[in-house]
Structure formats: C-alpha cells, structure tokens
1. What about ILE88, is it touching a Phe, Trp or Tyr at 6+ places or on another chain (Cβ under 9 Å), within 23 Å of ASN32 (Cβ to Cβ) and assigned to a helix (DSSP H, G or I)?
2. Which one is surrounded by the most Cβ atoms within 10 Å (Cβ to Cβ) among residues in segment 64-81 that are in contact with a strand residue (DSSP E or B) (Cβ under 7 Å, 6 or more places away or on another chain) and of a type in the set (A, V, I, L, M)?
3. Considering only segment 109-122, I want to know if a residue exists there that is closer than 29 Å to VAL344 by Cα, without any contact (Cβ under 8 Å) to a residue 60 or more places away in the chain and either of a type in the set (Phe, Trp, Tyr) or not in a strand (DSSP E or B) (or both).
4. In segment 109-126, which residues are out of contact with any helix residue (DSSP H, G or I) (no Cβ under 7 Å at 6 or more places or on another chain), farther than 11 Å from ILE252 by Cβ and open to solvent by less than 20 Å² (accessible area, probe 1.4 Å)?
5. Taking the stated definitions as given, is LEU366 open to solvent by less than 40 Å² (accessible area, probe 1.4 Å), touching a helix residue (DSSP H, G or I) at 6+ places or on another chain (Cβ under 8 Å) and either without any contact (Cβ under 8 Å) to a residue 60 or more places away in the chain or assigned to a helix (DSSP H, G or I) (or both)?
6. Any residue that is part of a helix (DSSP H, G or I) and farther than 18 Å from ARG242 by Cβ - is there at least one of those in segment 96-105?
7. Could you give me the residue pairs with C-beta distances under 9 Å whose first residue belongs to segment 279-298 and is hydroxyl-bearing (Ser, Thr, Tyr), whose second residue is open to solvent by 10 Å² or more (accessible area, probe 1.4 Å) wherever it lies, and which are 6+ apart or on separate chains?
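The values are calculated or read from the model by the stated rules, or taken from the named source; none is laboratory data. Predicted model, so just to flag it, every value in this text is computed and none were measured. Every residue, glycine among them, receives a Cβ derived from its backbone with ideal geometry; neighbour counts consider all protein chains shown. What goes into the accessible areas is simple: the full protein's heavy atoms, side chains included, and nothing from ligands, DNA or RNA. Shrake-Rupley method; radii C 1.70, N 1.55, O 1.52, S 1.80 Å.
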Amino acid sequence: MPQSKSPSAPSAGSDKNGLTYADAGVDIDAGNSMVDKIKPLVRSTRRPGADGEIGGFGGLFDLKAAGFKDPVLVAANDGVGTKLKIAIDADRHDTVGIDLVAMCVNDLVVQGAEPLFFLDYFATGKLDPEQGAAIVRGIAEGCQQSGCALIGGETAEMPGMYAKGDYDLAGFAVGAAERGQLLPAGDIEAGDVILGLGSSGIHSNGFSLVRRIVERSSLNWQDPAPFADDKTLGEALLTPTRIYVKSLLSVIRSTGAIKALAHITGGGFPDNIPRVLPKTLAAEIDLDAIAVPAVFSWLAKTGGVDASEMLRTFNCGIGMIVVVGADKAATVADALKAEGENVVTLGRMVARSHEKNEGVVYKGALSF
C-alpha cells in the first residue's frame, strides 16, 4: 500500500533545488517568442493550396486547389553546409534561409516540377529568437522567390550538441508535375545544344575550401572583399544562391522545348551534368564561353587551386544547365533572357567515347 503524502510535504517542483527544463538549457518561452515573430513571415508565402497557419502538428496542402489534375509528387531535401560558419562568424543570418530554399527548389525544377511547399529544420544550442527570426525571414524570401509556401518546420534547442552560437539548417521541399511532363525527356540526342544560366556567385557548395582559402589570405570577414566593390568579405561570400524556378517553369511551359536541366552544385560540371544524360551521350562544354566571376578567380589564385579542382568543387559562374534541341535553342535562350537570366551557349551533346566513358568533355579553358 502506498504511503500517504503528508499535508506539509512540498508539491512537485516547489523544491528550491529542483531542476527545470530552462535550467537544462532549453527555453520554451524563447521558442514561443520566435513562433510569434515568424508567423507574419509564414503568411507572406501563402499560395493556392496552402493557406493554413503554422502551429499545428503537420502542414496541409491541397493539390486540387493548386490546379493539378494527375500530379506526380517530387521531393527534395538539402542544407546550407559550412556556409553557415561564415554567417555565424560574420553575424549575418538574413540570407542563409534563401540558400536553404534554393538548394531544394532548384533540385525540384530540374525535374520539371513546380515547388509547392517547404518545411525547415533549425537546430541550435541556445535559441536566440531574433537570430531565428532573421533566418526564417530568409527562408520566407526564398519561398516567395520560388512560389512555394512555407507550411511548417521545427526549431530544436539542444544544449550540449552545438558550440555557443552555432546552428544548423535543413530544408524539405515538395513539388509536383503533371504525369508525363517530368524531366529529363527521353529524346536527348547528339547535336542538342547546351545552354548555361549564370550563377549569383559560389551558391552553397565548396565552403569548406572557401574557408581554408580565407584563412590563407589572412583576411577577416569585416575586411573589404578583394573581388567585390563596397562589400565586406563576409557579405560578398554570403551572396545567396540564385533561385531559377520561376524563369525555368515559365520557359518550360511556354516553349515545351527544354529536354533536360542540371543544377550545378557540389561536384560541378563533371558530377552533375551526367545525372540527366543517357549513358551513350556526353556533354561537350566550351570553357572559353564562360565569363568566370571575380570571386572564383580570387579563390583560384589565393588558394592555388587547379582549374580541374575548381570545376569539380564550384559552379565557376554557371548555376544551371539547359539542354534543348538545336532548332529551338535560340527561342529558349531568348525566352530565358526575357525572364532575367544571364544565358550563354556552352556546348552540345556528343556521342560518348567508349574508351574514356566520360559524361563531360571540355574544349578551351577557364579564364581566371
């Protein structure tokens, strides 16, 4: 039989030496404060199919309200990588959310899918509601740029898991395309033209090498960027990843001529382009056609990085590859330019060599 509690016994939690969740380093009130700060940001991303409030146990999306009849869902997830360390060290947190969205939605559009909704995961050792709101402000901006709704996410305060000031981000995006309209198409052939769309800079890959090069340069994040006027080094390197979704979806739908797309992320040309090609074909890239942005020239020179290593680590100025039939290349290029893209003709599809079996072959050389 259990012993009865004395009327004078202290109630649970009233012991002055008793621990609370806050004592363990988790501040529920800070989490609630952050939710209040980001609700208007979430509302700003509403679109047909998503008009709910955050705060439930799951986000809702209505495919019928979004106009789809027989959709195939496409999902992607990604992070920002060690670019976050620059944001943390430079104390600038308002753009990495754009990077987070971009890395996911650009992977959706290369499959011909329209991004529909996005969820984020933000983990930190000690939650700062202002910092968290700045990050979500960037996420909301990325969602607006890509036309998808921010329908939920998770904020995790985990003392002991992260060093003071550190945090990590992950993103999850879902898109859709009508059945039969996914990319790559099955009709890619030798002679097709390869177009390149200009990047906004380094985007979100290769930052472990970037940080090593900055260490070698002895520059601080607040020093003037050697390759960008009127910007600090931190500001210049944090330039957010370009989001290609709206321009590409518009041209896909208006021309019906795009056969394949490749998002140039980690691995550069040699690892990303072959992912969308038949095994019998290779992409012949004219490196002379690329006007290499100054940031890549500075990285190559300061770090003594070989051109082949640059091509496999960075986008080197081309963030997206477009494959189109030779007879439609001019039409697609003009349409992309009208959508605001910087378009360059990079090369063509050729038969793959049986001896080397390389998915990408080069002409010319990058000019750093």
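1. No: the conditions fail for ILE88.
2. For segment 64-81, the residue satisfying everything is VAL80.
3. Looking for residues that are closer than 29 Å to VAL344 by Cα, without any contact (Cβ under 8 Å) to a residue 60 or more places away in the chain and either of a type in the set (Phe, Trp, Tyr) or not in a strand (DSSP E or B) (or both), one finds none in segment 109-122, hence no.
4. Selection gives LEU116, ALA123, THR124, GLY125.
5. Spelling it out, it is not the case that LEU366 is open to solvent by less than 40 Å² (accessible area, probe 1.4 Å), touching a helix residue (DSSP H, G or I) at 6+ places or on another chain (Cβ under 8 Å) and either without any contact (Cβ under 8 Å) to a residue 60 or more places away in the chain or assigned to a helix (DSSP H, G or I) (or both).
6. Checking segment 96-105: not a single residue is part of a helix (DSSP H, G or I) and farther than 18 Å from ARG242 by Cβ.
7. So the pair list comes out as THR280/ALA190; THR280/ALA351; THR280/ARG352; SER297/PHE227; SER297/SER367; SER297/PHE368.
Table: residues versus (1) without any contact (Cβ under 8 Å) to a residue 24 or more places away in the chain; (2) in a strand (DSSP E or B); (3) not small (Gly, Ala, Ser).
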| residue | (1), (2), (3) |
| --- | --- |
| ASP107 | no, no, yes |
| ALA133 | no, no, no |
| LEU150 | no, yes, yes |
| ALA156 | no, yes, no |
| GLY171 | no, yes, no |
| GLY186 | yes, no, no |
